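Scroll down for the structure; my scribbles are underneath it.
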Protein chains: 4
Amino acid sequence: MIISMRPHATREEIDHVCERIREFGYKVHSIEGEERVVIGVVGVGDVTACLESIESAPGVESAMRISAPYKFVSREFKKDDSVIKVNGLDIGGEEFVVMAGPCSVESERQIMETAEGVAAAGAQMLRGGAFKPRTSPYDFQGLELEGLKLLRKAKEATGLGIITEVMSDRDVELVAEYADCMQVGARNMQNFALLKSLGACGRPVLLKRGLSSTIKELLMSAEYIVAHGNPSVILCERGIRTFETATRNTCDIAAVPVLNELTHLPVVLDPSHATGKRSLVPALSRAGVAVGADGLIVEVHPCPEKAVSDGAQSLTLEGFRRMMSDLEAYIRLWKQTRAALTATAV
Amino acid sequence: MIISMRPHATREEIDHVCERIREFGYKVHSIEGEERVVIGVVGVGDVTACLESIESAPGVESAMRISAPYKFVSREFKKDDSVIKVNGLDIGGEEFVVMAGPCSVESERQIMETAEGVAAAGAQMLRGGAFKPRTSPYDFQGLELEGLKLLRKAKEATGLGIITEVMSDRDVELVAEYADCMQVGARNMQNFALLKSLGACGRPVLLKRGLSSTIKELLMSAEYIVAHGNPSVILCERGIRTFETATRNTCDIAAVPVLNELTHLPVVLDPSHATGKRSLVPALSRAGVAVGADGLIVEVHPCPEKAVSDGAQSLTLEGFRRMMSDLEAYIRLWKQTRAALTATAV
Amino acid sequence: MIISMRPHATREEIDHVCERIREFGYKVHSIEGEERVVIGVVGVGDVTACLESIESAPGVESAMRISAPYKFVSREFKKDDSVIKVNGLDIGGEEFVVMAGPCSVESERQIMETAEGVAAAGAQMLRGGAFKPRTSPYDFQGLELEGLKLLRKAKEATGLGIITEVMSDRDVELVAEYADCMQVGARNMQNFALLKSLGACGRPVLLKRGLSSTIKELLMSAEYIVAHGNPSVILCERGIRTFETATRNTCDIAAVPVLNELTHLPVVLDPSHATGKRSLVPALSRAGVAVGADGLIVEVHPCPEKAVSDGAQSLTLEGFRRMMSDLEAYIRLWKQTRAALTATAV
Amino acid sequence: MIISMRPHATREEIDHVCERIREFGYKVHSIEGEERVVIGVVGVGDVTACLESIESAPGVESAMRISAPYKFVSREFKKDDSVIKVNGLDIGGEEFVVMAGPCSVESERQIMETAEGVAAAGAQMLRGGAFKPRTSPYDFQGLELEGLKLLRKAKEATGLGIITEVMSDRDVELVAEYADCMQVGARNMQNFALLKSLGACGRPVLLKRGLSSTIKELLMSAEYIVAHGNPSVILCERGIRTFETATRNTCDIAAVPVLNELTHLPVVLDPSHATGKRSLVPALSRAGVAVGADGLIVEVHPCPEKAVSDGAQSLTLEGFRRMMSDLEAYIRLWKQTRAALTATAV
């Protein structure tokens, strides 16, 4: 921790701050500058509580932590990449993983046709929502249990692992019965009740970054799941909210290498939500491979025009096939340089 | 709905779009411009489904809805201000309501001292968290049931109504037993499972705007609660996330009059989270009264330096007393001009 | 300055950083934490150059300055409020100043009618653009010299001081001949060539905050003008760009008290650009008075429907009159509590 | 244009709006919905003026333009990619162009060493600032004319084309004497006086996107240059300002394919400013190639630690060499699929 005192803080204020810090079990190094006093804090203790306290003390201008607030998910805690097993696949390993499927599971015909189509085109997992978070109470809310059963059917037919969203801690057990990977949507990234219960769900979790969440907050939410017992977390960049309206969200592509530096967890990119526009998905997918993501999660629908949700950003089966074939050369490059991809420049 | 076709859309594409729209039960008015065709859609139907579908059709550039996506919460649905009864108070009525208290309930002594202090200074309700949404799994998560009981004790001693946060649909019943008003935090504004269960909780709900939620999304979340059976919703502006870091959040003060135009629901301002800094709270509170909010929700702690959370933005009891005394004249003006406050200029 | 080394920085890297810092004339205090070394830097020197250098050194995680990067505009440099004389008015003093007028000067009739109307309603200065920064090259670019002459005429008729925008260092001399106060628009807040030339213009300057400029950057731009010889700078909050589209910009109302803490310069609020919508201007104006601004700058047009620019956010003369009459009570309160307005809570 | 009337707009208000529209020379199509009237406007006229006017009319809820506000830079105006000739290079053509060099020209030795190093590594142009836009008036402002002369020297030695920034319309002529390509910095993207004078400068212009500028505004600024006589404009995505602070800016990678759809002008990516961090530059550069940019502009310094500006984001010469060698395979792929890169999915 570093505490910066106001320029004209009194000796009394400075002493009070030092004393408060020592009460938390820390050691204090006070540096007298020309303009103000800065206090360095070292030792082991409850950083957050100490920070909260000191920030409020008279004469303090700012108090900031230096060490990362997360631990288990940090590269410092575990240097090697984590490889997450999902239905036999190694996510974060030697394989570039493509998850594809519709926004919502709508009908048996729709999900079966999509599953077969994306499997044939080279996808390794099937995505599809049974519980749907919708901005409006009047919009389609998902087929729920019926949807989960259809996903299982699609898995039986194609062998594709299933990834599907869970929206409430109440549904964790149910969804875990059907899903190979539990998806936490952007709007629930800081639904802490849900994160805690996922710590004990026995399934890998794909955690989507919130619309306005920082990279640090994404890691803190992952830390929740890990700290509650589940080390198998996959992170997902899916675009953040900015002033730009030409795309549905703004794809923060740099989040991928930033995360590769900060954490050992795998990172996948969602080019569909990141852009909201079908025509941009192939370009963003190429960028995702090249930037060093571990995989993609892509919306595909046999007839986007008839999709109950996200049609505008869904590829057709034909469009997905074409994209996968174009990506091949990029994925080959990705494999050749796997080790070098996250290496930093000097 | 208005559908704008691409400049060189073919006749076939245009006809296809018109046909699809008619399938949804709408009527079509096609307007041929110099550059492109624009299609106006009128009638009653499932707007979202139709929009989703049309957006994906070939030749379509954009499709937008014209009517508001919410209904019950809209001024068009109910012209007069809604007045929400909370523990005998009329929120949204003739009274300017101040809710005050600590971020977290920490101990009996802390909550009793605060309750008595804020009541004496003129607050009408007591705020305090028993369930705390914390970014880090290692931070204090609240006293939970124990905290709720302490709040009840404070109510018994002071008569102040209790407002406290609920974080999961699992806890709704429990919290409703103790709270006069259920608070939904910014991070849960789009926790739709929670919103749905609040529709049946039998208590008024204070719904905080999400960090990166638009005003329209805030209204949609309110609509969830109302559509699920609970018309007693109070909206709360508490700052949004922007690039500016001088304050914890950016207080979108204009959201208050914008909401006053769009909805009949009451709106309160949270100057504590909006700024994150104690010294700014009095100025923002004055602005909140002047701009036409129906009330304030303010963080107060007997000893902010020892607060387990949000100390830096909490007023001391003395600071709160002083602020309430300064606000008096502004609240008097507020009352005099109540009717005129939301009137628009010509 | 505080330098935070990476967790596993080598002794060699740490020594190298300390040496580099000493080359810049600073003293070094190295603090060995559990996880990493933090280096405190004290003394007087070229902070920016040192920071830039150290940030790039191997083993460095981050380097941050503690002292403010501005000097002349800081409250630490000058404790008392600056009062800027403009055409006999004291801006930042005991008077609350209202500047009003059209976005663009369009014709003699329009500007004379507006000037007389706003003067009668109580405005003390006339705003109006002769040089217009327009997003599109095809939009009206202003009457230029002709517009300046009309502003002079309006001044002669009403006695109102003139504030008008200058867009290029080339025009500074010309505009200074006609204007009592030079306005720098949001898009030019970091047009450093312009700022430098305003340092020698001999006129007070109203500096608008850029659409995505931080409060610190606004102060740095003010510092440019002051450091180049002109201490008479008035700051203006006019809304920043965020994800919210319900208003044209997001009014960062808290910027007013934040600036009151950081700088001695006066601060005015522009409720017209901050919202972009006529009906919201009165509420925002009340908030501006209550929050402690030194004045308002408001768009008014005799016939907004026929305005060549910003009609939607312009008040009619009648609307402005009504607003000024409603503001009276708030301005009276403002005067009574002038001294207390910027005082901080404890 | 589409005008949406308020739900309870009167017949008189609707008629007034229609009449006003006709005064601008347009035809009117009025569509009566269940809830409100929507008015479609077709024909040729002054869209902006008409919009501004109508937005202000009583009973109008919103007025939006459908057609793009830019013309010459639009894909609809010119279907084929524009290829801009710069010092013998074809930017936007078959070649992927890399521009590299220091943030600021600092000394003969520095610029010569950099020029030779980047040329050897495969760069085709040399970047380097002689006029520097700096946030602080106390920071290094560039060598100005002396810097331009050094750039010429570096060109003579290496044959590299020179790209350098111009900050004021006053300097356009001078800079044009030395530069092969004029750079407009992010902070000057809406310096309209500068844009106008670049219309007549006789040199290609690289226009950087403003920190908080939309893609549409970037195109409008390009339109300024083209409309004033200079069709040779290269666009540059360099990151936008968002709430995320892990990187200096947020690289809006999707802006590249969005621009490829909307305009015929070439687009280059600046991975250095987009991230602000040397270690992220190689990953972002790969993403830039893969996403379909026409080139990169990268900061390189022989000794970043001694750079007077932007050291933290500058690659060393060795780092740049390594990156160029890694990019080779990606650029080869880029060339193979050039034609297909901007093709949209179905």
Taking the conditions exactly as written (small (G, A, S) and either in a strand (DSSP E or B) or in contact with a Phe, Trp or Tyr (Cβ under 9 Å, 6 or more places away or on another chain) (or both)), does C:A49 satisfy them or not? yes
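I'd like to check something: does region B:7-22 contain any residue that is touching a Gly at 6+ places or on another chain (Cβ under 6 Å) and not assigned by TED's automatic domain parsing to the domain that holds B:H228? Don't jump to the end; show me each part of the working.
Restricting attention to region B:7-22, the residues satisfying the condition of being touching a Gly at 6+ places or on another chain (Cβ under 6 Å) are B:9, B:13.
Then keep just the ones that are not assigned by TED's automatic domain parsing to the domain that holds B:H228; that gives B:9, B:13.
Checked region B:7-22: at least one residue is touching a Gly at 6+ places or on another chain (Cβ under 6 Å) and not assigned by TED's automatic domain parsing to the domain that holds B:H228.
What residue, of B:G43, B:G88, is more than 14 Å from chain A (Cβ to nearest Cβ), over 27 Å from the mean Cα position of the chain (by Cα) and farther than 30 Å from A:C50 by Cα? Can you show your working first?
Numbers: B:G88 fails: over 27 Å from the mean Cα position of the chain (by Cα).
Selected residue: B:G43, the only one of B:G43, B:G88 that is more than 14 Å from chain A (Cβ to nearest Cβ), over 27 Å from the mean Cα position of the chain (by Cα) and farther than 30 Å from A:C50 by Cα.
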Answer yes if at least one residue in region A:227-237 is in contact (Cβ under 8 Å) with a residue 24 or more places away in the chain and at the interface with chain D (Cβ under 8 Å from one of its Cβ atoms), and no otherwise. no
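Yes/no per residue for (1) small (G, A, S); (2) surrounded by fewer than 24 Cβ atoms within 10 Å (Cβ to Cβ); (3) part of a helix (DSSP H, G or I):
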| position | (1), (2), (3) |
| --- | --- |
| B:L195 | no, no, yes |
| B:L207 | no, no, no |
| B:E217 | no, yes, yes |
| B:S221 | yes, no, yes |
| B:P231 | no, yes, no |
Can you tell me which of (1) under 21 Å from B:L219 (Cβ atoms); (2) buried (at least 18 other Cβ atoms within 10 Å of the Cβ) is the one B:K71 doesn't meet? (2)
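Within the bounds of region B:302-321, is there any residue that is part of a helix (DSSP H, G or I), modelled with pLDDT of 95 or more and in contact with a Phe, Trp or Tyr (Cβ under 9 Å, 6 or more places away or on another chain)? Explain how you work it out, then say what you get.
Narrowing region B:302-321 to residues part of a helix (DSSP H, G or I): B:304-306, B:311-313, B:317-321.
Next, from what is left, pick out any that are modelled with pLDDT of 95 or more: B:317-321.
From the residues that got through so far, the ones that are in contact with a Phe, Trp or Tyr (Cβ under 9 Å, 6 or more places away or on another chain) too are none.
Checking region B:302-321: not a single residue is part of a helix (DSSP H, G or I), modelled with pLDDT of 95 or more and in contact with a Phe, Trp or Tyr (Cβ under 9 Å, 6 or more places away or on another chain).
Looking at region C:75-83, can you tell me whether even one residue there is buried (at least 20 other Cβ atoms within 10 Å of the Cβ), in contact with a strand residue (DSSP E or B) (Cβ under 8 Å, 6 or more places away or on another chain) and either closer than 24 Å to C:C236 by Cβ or of a type outside the set (D, E, K, R) (or both)?
Here is the first cut: in region C:75-83, the residues buried (at least 20 other Cβ atoms within 10 Å of the Cβ) are none.
Checking region C:75-83: not a single residue is buried (at least 20 other Cβ atoms within 10 Å of the Cβ), in contact with a strand residue (DSSP E or B) (Cβ under 8 Å, 6 or more places away or on another chain) and either closer than 24 Å to C:C236 by Cβ or of a type outside the set (D, E, K, R) (or both).
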If a residue must be closer than 21 Å to A:N188 by Cβ and in contact with a Pro (Cβ under 8 Å, 6 or more places away or on another chain), how many such residues does region B:139-181 contain? 2
Which residues, counting only those in region C:144-189, are acidic (D, E) and either outside the structural domain of C:A115 (by TED's automatic domain parsing) or assigned to a helix (DSSP H, G or I) (or both)? C:E146, C:E156, C:D169, C:D171, C:E173, C:E177
Unmet criterion (only one of (1) out of contact with any strand residue (DSSP E or B) (no Cβ under 8 Å at 6 or more places or on another chain); (2) surrounded by 24 or more Cβ atoms within 10 Å (Cβ to Cβ); (3) of a type outside the set (D, E)) for B:Q141: (2)
For region C:238-272, the count of residues that are surrounded by fewer than 24 Cβ atoms within 10 Å (Cβ to Cβ) and assigned to a helix (DSSP H, G or I) equals 3
Where the second residue is polar (S, T, N, Q) and part of a helix (DSSP H, G or I) and the first is in the same structural domain as B:Y330 (by TED's automatic domain parsing) and free of Cβ contacts under 8 Å to residues at least 12 places away in the same chain and lies in region B:282-306, which pairs have Cβ atoms under 6 Å and are six or more apart or on separate chains? B:E305/A:S53
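What number of residues in region B:60-95 are in a loop (DSSP other than H, G, I, E, B) and under 24 Å from D:V60 (Cα atoms)? Steps first, answer last, please.
Residues of region B:60-95 in a loop (DSSP other than H, G, I, E, B): B:65-73, B:75-83, B:87-88, B:92-95.
Restricting the remaining residues to those that are under 24 Å from D:V60 (Cα atoms) gives B:65-73, B:75-81.
The total comes to 16.
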Is it the case that some residue within region A:121-135 is among the charged types (D, E, K, R), at pLDDT below 95 and assigned by TED's automatic domain parsing to the domain that holds A:Y224? yes
Identify all residues within region D:19-40 that are surrounded by fewer than 20 Cβ atoms within 10 Å (Cβ to Cβ) and more than 13 Å from chain B (Cβ to nearest Cβ); write none if there are none. D:E19, D:R22, D:E23, D:F24
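Which of the following residues is modelled with pLDDT under 85 and more than 10 Å from D:I3 (Cβ to Cβ): D:D46, D:D80? Steps first, answer last, please.
Working: D:D80 fails: modelled with pLDDT under 85.
None of the others qualify; the one that does is D:D46.
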Scan region B:161-176 and tell me whether some residue there is under 27 Å from A:K196 (Cα atoms), of a type in the set (D, E, K, R) and more than 14 Å from chain A (Cβ to nearest Cβ). no
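Answer yes or no as to whether A:L211 is more than 11 Å from every other protein chain (Cβ to nearest Cβ), surrounded by 19 or more Cβ atoms within 10 Å (Cβ to Cβ) and in contact with a helix residue (DSSP H, G or I) (Cβ under 7 Å, 6 or more places away or on another chain).
Details: more than 11 Å from every other protein chain (Cβ to nearest Cβ): no; surrounded by 19 or more Cβ atoms within 10 Å (Cβ to Cβ): yes; in contact with a helix residue (DSSP H, G or I) (Cβ under 7 Å, 6 or more places away or on another chain): yes.
No; evaluated as a whole, the condition is false for this residue.
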Scan of region C:287-316 for residues that are more than 25 Å from D:V60 (Cβ to Cβ) and either surrounded by fewer than 24 Cβ atoms within 10 Å (Cβ to Cβ) or within 12 Å of chain B (Cβ to nearest Cβ) (or both), ordered by number: C:A287, C:G288, C:V289, C:A290, C:V291, C:G292, C:A293
Inter-residue pairs, beta-carbon under 8 Å, first without any contact (Cβ under 8 Å) to a residue 24 or more places away in the chain and in region C:64-75, second of a type in the set (D, E), 6+ apart: C:S67/A:E35
Taking the conditions exactly as written (touching a His at 6+ places or on another chain (Cβ under 7 Å), in a loop (DSSP other than H, G, I, E, B) and outside the structural domain of B:E223 (by TED's automatic domain parsing)), does B:A57 satisfy them or not? yes
Among the residues in region D:318-334, are any facing another protein chain (nearest Cβ under 10 Å), of a type in the set (V, I, T) and in contact with a helix residue (DSSP H, G or I) (Cβ under 7 Å, 6 or more places away or on another chain)? no
Given (1) within 13 Å of chain A (Cβ to nearest Cβ); (2) at pLDDT 95 or above; (3) touching a Leu at 6+ places or on another chain (Cβ under 8 Å), index of the condition B:G199 fails: (3)
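The values are calculated or read from the model by the stated rules, or taken from the named source; none is laboratory data. Only a predicted model underlies this, so the values are computations on that prediction, with no experimental measurement involved. For neighbour counting, all protein chains shown are included, and Cβ atoms are generated from backbone atoms with ideal geometry for every residue, glycine included.
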